[in-house]
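*Asks:* Pasting a structure here, questions to come.
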Amino acid sequence: MHETAVTKAILDIVMRNAQANNAKKVVTVRLEIGELSDMTEQWIQCYFDYFAKGTIAEGAHLVITRKPVLLECGGCKSRYPIKMLNIDKAECPECGGKKARMIAGNEYYIQGIEIV
């Protein structure tokens with residue numbers, strides 16, 4: 001399960017930033033995760049809770065937003081979102097091109113950390 005390694009890395013980043021800002025408590029961590037990522041919200045929160053025990057991040061709530069898949073047309077360079085269910089039938093809405101590269105949808109980011 002790669003969620004464990006990713007979640008541990010997220011907690012490490014959160015802790016470094018919280019300590020650098022003299023935080024007493026981490027309240028909320030806002031994450032943005034690409035729709036193509038198979039990381040599930042339930043497991044990320046579960047692993048975060050496990051790793052955060054005994055730290056100032058214990059009890060922090062994760063707010064996870066899914067980022068849509070974004071493609072860039074190989075022909076006209078137009079960028080467009082696409083639903084995961086339709087990714088194999090992707091067609092550029094501008095020129096009808098069928099060659100595209102994915103530029104977003106499989107990533108994860110820490111968007112913000114609420115501390116006190």
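*Asks:* If I ask for residues that are in contact with a Lys or Arg (Cβ under 8 Å, 6 or more places away or on another chain), outside any loop (DSSP other than H, G, I, E, B) and either among the hydroxyl-bearing types (Ser, Thr, Tyr) or closer than 20 Å to residue 105 by Cβ (or both), which ones from the range 19-51 would you list?
*Replies:* 32, 33, 34, 47
*Asks:* If you check 84, 102, which single one turns out to be surrounded by fewer than 14 Cβ atoms within 10 Å (Cβ to Cβ), touching a residue at least 24 places away in the same chain (Cβ under 8 Å) and not charged (D, E, K, R)?
*Replies:* 84
*Asks:* Need the failing condition index for residue 109 against (1) over 14 Å from the mean Cα position of the chain (by Cα); (2) aromatic (Phe, Trp, Tyr); (3) part of a strand (DSSP E or B), just the number.
*Replies:* Only one criterion in (1) over 14 Å from the mean Cα position of the chain (by Cα); (2) aromatic (Phe, Trp, Tyr); (3) part of a strand (DSSP E or B) is unmet by residue 109, namely (1).
*Asks:* Right, here's the next one. Which residues, counting only those in the range 52-66, are at negative phi and assigned to a loop (DSSP other than H, G, I, E, B)?
*Replies:* Within the range 52-66, 53, 55, 56, 57, 58, 60 meet the criteria.
*Asks:* Given the conditions (1) open to solvent by less than 20 Å² (accessible area, probe 1.4 Å); (2) not in a helix (DSSP H, G or I), and given that residue 94 satisfies all but one, which numbered condition is not satisfied?
*Replies:* Single failed check for residue 94: (1).
*Asks:* Just one of (1) crowded, with 18+ Cβ neighbours inside 10 Å; (2) in contact (Cβ under 8 Å) with a residue 40 or more places away in the chain; (3) of a type outside the set (S, T, N, Q) trips up residue 69, so point out which.
*Replies:* Exception for residue 69: condition (2).
*Asks:* Within 24 Å of residue 114 (Cβ to Cβ) and open to solvent by 50 Å² or more (accessible area, probe 1.4 Å): which single residue out of 77, 25 fits that description?
*Replies:* Exactly one residue qualifies, and that residue is 25.
*Asks:* What is the one condition in (1) basic (Lys, Arg); (2) closer than 26 Å to residue 116 by Cα; (3) in a strand (DSSP E or B) that residue 101 does not satisfy?
*Replies:* (2)
The values are calculated or read from the model by the stated rules, or taken from the named source; none is laboratory data. Please read all numbers here as calculations on a predicted model, not as lab measurements. As a convention, Cβ positions derive from the backbone with ideal geometry for all residues, glycine included, and neighbour counts pool all protein chains shown. Side chains included, ligands, DNA and RNA excluded: accessible areas come from the protein's heavy atoms. Shrake-Rupley method; radii C 1.70, N 1.55, O 1.52, S 1.80 Å.
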